[in-house]
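K.L.:
Shown below is the structure under consideration.
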Amino acid sequence: IGMDYKRSEDETTSYGGLKDEDRIFTNLYGRHHWKLKGALKRGDWYKTKEIVLKGSEWIIKEVKTSGLRGRGGAGFPTGLKWSFMNKPPDGRPRYLVVNADEGEPGTCKDREIMRHDPHKLVEGCLVAGASMGARAAYIYIRGEFYNEASNMQVAIQEAYEAGLIGRNACGSGYDFDIYMHRGAGAYICGEEMALIESLEGKQGKPRMKPPFPADVGVFGCPTTVANVETVAVAPAICRRGGDWFASFGRKRNEGTKLFCISGHVNTPCTVEEEMSIPLKELIERHGGGVRGGWGNLKAIIPGGASVPLIPKSICEDVLMDFDALVEVKSGLGT
C-alpha cells in the first residue's frame, strides 16, 4: 500500500515475465477449488462492501487510472464506457450485460474464468454494476458452454445464499441481482446489439446504431455490454489500485491479459501475461515454441480467427498489444 507504481515516460522497459503475485486469475487451471470457499481463500470478496460504498465515481476513477481497455477485442477504454451510464436518472432501470458468448475460433479465455474462477466474475458484476448504478446483471453465456454455465449458476447461488448479491449486497445497502441467460449457439450473438436482441427473446440480428446501448439497450433501458475478463478484473483493480494495474504494459495498453496459445505449438495453453509482451517470447516461454522450431513458422493469427494473419517477418518482434498490432494492420481481438 502506498507504493508508487508509475514509470517515467522515456523509460525503456522489456515486457513479459509476469510474477505470480501479480496474477489476477490465480485458479486459471482449476488446480484449486472453484466454489465460494476456495474463492475466499484466494482473496475474492475481500472488502467488496467497502469498494461498493466508495461509490460509482471512485470505482470509475480507479478503472480510468488503470488504463483498462475492453478485453473483448475492441479495446475501448473501460472507465470511459462505464461512465456513459452515469447520466441523470430518468426512471428507467440500468443494466449490465456480460458478453460470455465466446464463439470466436481459437479464443478460450472466458470459459476458463467461468469454469475455474466463477466468483471473480460474480464479484466483478457487483463492482461494475455499482459503478454504473445498475439494477441487475445479465450474463449471456454461449449455449455450448454447459460446464461453464453450470459452475456459474452454482457460484451465483452461493453468492445469494451468503448475502454477497441480491438485496443489500455485501451489507452495502445496494440491491443487485445477477441472472444467467444461455444462448443457442449463434456466432453473431457475440456482437453486442445482436446479443441484446437475443436476450430480449428476438432473433439474434444486429440492431442499427444509434441509439447506443447506453441510451437504449436491453428492454429499452440504459445498458453496458462488457466482456467477461473486463468485468472480472475490476475488483482486483479497485483493491490493489489503478496505478498497480497501469504499471504493466506500454502506455495506452496497460495491464495484464489472458492470452490463448493454440495451433502448431508444443504446449497449447491459456496464460495470464503482461500486455505488450513480444509475440515470439509469448510463444516460446508459454507455448513451448513452434513445432519443429521457429523456422517452421509461416504466419500467426494474433487475435480471434477474424483478424488478419501476420507473417513470420512481423512475428519476430511485434508486441502483443492493441496499438502494436493495429500498426501491422492486424488486431488483438475481433
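The values are calculated or read from the model by the stated rules, or taken from the named source; none is laboratory data. None of the values given here were measured: they were computed from a predicted structure. Note that we place each Cβ from the backbone using ideal geometry, even for glycine, and neighbour counts take in every protein chain shown. Just so you know, the surface numbers come from the protein's heavy atoms only, side chains and all, with ligands and any DNA or RNA stripped out. Shrake-Rupley method; radii C 1.70, N 1.55, O 1.52, S 1.80 Å.
Residue-by-condition table, conditions (1) at pLDDT below 95; (2) assigned to a helix (DSSP H, G or I):
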site	(1), (2)
Glu9	yes, no
Thr12	yes, no
Tyr15	yes, no
Arg31	no, no
Gly38	no, yes
Tyr46	no, no
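K.L.:
Just one of Ala149, Ala137, Ala130 is modelled with pLDDT of 95 or more and either in a loop (DSSP other than H, G, I, E, B) or in contact with a Leu (Cβ under 8 Å, 6 or more places away or on another chain) (or both); which is it?
P.N.:
Answer to the check: Ala137.
K.L.:
Let me ask another. Looking only at segment 276-288, decide whether some residue is basic (Lys, Arg), more than 22 Å from the chain's Cα centre (by Cα) and surrounded by 14 or more Cβ atoms within 10 Å (Cβ to Cβ).
P.N.:
yes
K.L.:
Sticking with this structure for a sec: Among the candidates Pro118, Pro105, which residue alone is at pLDDT 95 or above and under 18 Å from Leu258 (Cβ atoms)?
P.N.:
Result: Pro118 is the single residue among Pro118, Pro105 that is at pLDDT 95 or above and under 18 Å from Leu258 (Cβ atoms).
K.L.:
Test each condition in (1) farther than 18 Å from Gly17 by Cα; (2) open to solvent by 20 Å² or more (accessible area, probe 1.4 Å); (3) in contact with a Gly (Cβ under 7 Å, 6 or more places away or on another chain); (4) not β-branched (Val, Ile, Thr) for Leu325 and report the one that comes out false.
P.N.:
Every listed condition holds for Leu325 apart from (2).
K.L.:
OK, next. Can you tell me how many residues within segment 72-96 are in a loop (DSSP other than H, G, I, E, B) and either in contact with a His (Cβ under 8 Å, 6 or more places away or on another chain) or open to solvent by less than 10 Å² (accessible area, probe 1.4 Å) (or both)?
P.N.:
Count: 2.
K.L.:
Residues of segment 42-71 being in contact with a Ser or Thr (Cβ under 8 Å, 6 or more places away or on another chain), β-branched (Val, Ile, Thr) and open to solvent by 20 Å² or more (accessible area, probe 1.4 Å), which ones?
P.N.:
Within segment 42-71, no residue meets the criteria.
K.L.:
Now for a different question. Collect the residues in segment 236-270 that are free of Cβ contacts under 8 Å to residues at least 40 places away in the same chain and either in a helix (DSSP H, G or I) or of a type in the set (A, V, I, L, M, F, W, C) (or both), keeping them in residue-number order.
P.N.:
Arg240, Ile261, Val265, Cys269
K.L.:
Scanning segment 17-29 for residues that are part of a loop (DSSP other than H, G, I, E, B) and open to solvent by 30 Å² or more (accessible area, probe 1.4 Å), which turns out modelled with the lowest pLDDT?
P.N.:
Gly17
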